[in-house]
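**Student:** Just dropping this structure here.
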Amino acid sequence: MMKVILSLVLAAATALSPPPVEDGVVRKDWKVRGEAGLLGVREVRRDGPPRGRPVLLLHGARVPGIASFDLPVRRGSLAADLARRGHRVFIMDARGYGASDRPASFDEPASENPPAVTGEEAVEDIASVVDWLRETTGHRRVGIVGWATGGHWAAWYASEHPSRVDSLVIYNSLYGELDGHPTLGRGSQWEDPDRPGHFDDARHGAYRLSTGPSLLTSWDDSIPVEDRTAWRDPRIAAAYVEQALASDPTSGDREPPSFRSPTGAMKDSFHLATGRKLWDARTITARTLVLRSEYDFWSREGDVTTLVADLGSAREVRAVRLEGATHYAHLDRAERGRDRLVAEITRWLG
């Protein structure tokens, strides 16, 4: 109880100046006390008295929350879309990402420390934010939407705290059990060449650096037409890069500019891609929606089938294949999977 009280006091004292109201949507930035420091949380809701069960959005392995879910460009904010439909949305950054505190190892060369922020630590951060949400909003259960590694973290949390999650959305995420992946598993850059089946800690270190252009490579490669602008708005791609770089105050210290993200998520992903389950879906009781894009390069069809098979304790399960959509469906054009994605999530969250 003392931990929750301290979190509430701290969050109330460190609410940041909110961005202006746009299209009837209000934003407010918070700092919440986590197990290892302060966690950045952005609230996005309709103007007026806050209502509705809180919905938490979880980013993936590299790009933090605001750059993933709340770009200042038309159709670039999944958070605003959900807020306009009546949901009280919260976007959090796990430790080491965005507006959250970074591990001490980030102050040293990456190679001097092992991969930072593994799934266990990210789940601890989710627990801290959900505790705060439960006390702040008065709702005992939350909805959680996780993209890619965020879906892995969300479901891991829901498997350990089933009574605290009402609705769960797992979007383009790995589950494990299957040994084999074209880019993340055996024979990939992530494997230790001297120890097959093991992640190469020494090579990758505590964090990795990403430049702006590197964020678009996998996106470009997954779009099945030559004209990328027919698939995504160039303004959204530019804002995605800009916000990702802005999320790290040190990005301008390097040439070309680059931001840091913890390598622990990639170590988890390597384990999942080589057949190791890190959490068990059989303990999840939340209504669970599993989404996978047709052109997703991260998750596998088998992740969906094995996950759905294990969700026997969930109150309701729905699996949806987003035809003609990429890994970045929520940032693509409306007719390229975005409208279907928003509709499925909105319907599931009620």
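**Student:** Positive end of the dipole of region 225-282, charges at C-beta (+1 Lys, Arg; -1 Asp, Glu), about the Cα centre: which of P234, H271, S258 has its Cα farthest in that direction?
**Tutor:** The residue sitting most towards the positive pole is H271.
**Student:** Separate question: Roughly how far apart, in whole Å, are the Cα centres of region 83-116 and region 277-321?
**Tutor:** 25 Å
**Student:** Might you report the magnitude of the Cβ-based charge dipole of region 165-211 about its Cα centre, with Lys and Arg at +1 and Asp and Glu at -1, to the nearest 20 debye?
**Tutor:** The calculation lands at about 180 debye.
**Student:** Rounded to the nearest 20 debye, what is the charge dipole size of the chain about its Cα centre when +1 sits on each Lys and Arg Cβ and -1 on each Asp and Glu Cβ?
**Tutor:** The calculation lands at about 1460 debye.
**Student:** OK, next. Compute the separation of the alpha-carbon centres of region 328-350 and region 196-256 and state it in Å as a whole number.
**Tutor:** Here the two parts' Cα centres lie 22 Å apart.
**Student:** Now, a different point. Full-extension gain between Q189 and E177, please, as 0.36 nm times their residue separation minus the C-alpha to C-alpha distance.
**Tutor:** Working it through step by step, the gained length comes to 2.3 nm.
**Student:** OK, next. Tell me the label-point distance for the pair D201, E108, using the 7 Å Cα-to-Cβ offset, in nm and rounded to one decimal.
**Tutor:** Distance between label points: 1.3 nm.
**Student:** What residue among R164, R53, R282 has the largest mean-square fluctuation in a Gaussian network model of the chain, using Cα springs under 10 Å?
**Tutor:** Highest fluctuation among the options: R282.
**Student:** Identify, among S313, T137, G48, the residue whose Cα sits farthest towards the positive end of the charge dipole of the chain, taking +1 on the Cβ of Lys and Arg and -1 on the Cβ of Asp and Glu, with the dipole about the Cα centre.
**Tutor:** Of the candidates, G48 comes out farthest on the positive side.
**Student:** At 1.4 Å probe radius, can you tell me the per residue accessible area of the chain in Å²?
**Tutor:** Per-residue value: 40 Å².
**Student:** Right, next: By per-residue mean of other Cβ atoms within 10 Å, what is the highest-first order of 202-210, 124-132, 141-149? Kindly include the intermediate steps, with their values, before the conclusion.
**Tutor:** Values: 202-210: 18.9, 124-132: 22.2, 141-149: 26.3.
Peptide ranking by packing, descending: 141-149, 124-132, 202-210.
**Student:** Here is a follow-up. How high is the relative contact order of the chain, given as a whole-number percent (alpha carbon pairs under 8 Å, six or more residues apart)?
**Tutor:** After rounding, I find 18 percent.
**Student:** Treat every Asp and Glu Cβ in region 22-161 as -1 and every Lys and Arg Cβ as +1, leave all other atoms uncharged, and give the resulting dipole magnitude about the Cα centre to the nearest 20 debye.
**Tutor:** The dipole magnitude comes to about 980 debye.
**Student:** Starting from the 7 Å offset along Cα-to-Cβ, what nm value, one decimal, do you get for the label separation of K277 and D23?
**Tutor:** 4.0 nm
**Student:** Kindly state, to the nearest 0.05, the FRET efficiency for S214 paired with S163, given R0 = 56 Å and r defined as their beta-carbon distance.
**Tutor:** My answer for the efficiency is 0.90.
**Student:** If you keep only loop residues by DSSP, which GluC sites (Glu not before Pro) in region 201-295 have at most 12 other Cβ atoms within 10 Å of their Cβ?
**Tutor:** Those satisfying the criteria are E226.
**Student:** Suppose R0 equals 41 Å; then what is the FRET efficiency for R51 and E323 from their Cβ-Cβ distance, rounded to the nearest 0.05?
**Tutor:** FRET efficiency, R51 to E323: 0.75.
**Student:** Hey, can you rank 56-66, 250-260, 174-184, 79-89 by average C-beta count inside 10 Å, highest first?
**Tutor:** So the order, starting with the most tightly packed, is 56-66, 79-89, 174-184, 250-260.
The values are calculated or read from the model by the stated rules, or taken from the named source; none is laboratory data. As the structure is a computational prediction, the values presented were derived from the model and not from experiment. In this analysis, Cβ positions are derived from the backbone assuming ideal geometry, glycine residues included, and neighbour counts consider all displayed protein chains. We work out accessible area using only protein heavy atoms, side chains counted, and drop any ligands, DNA or RNA first. Shrake-Rupley method; radii C 1.70, N 1.55, O 1.52, S 1.80 Å.
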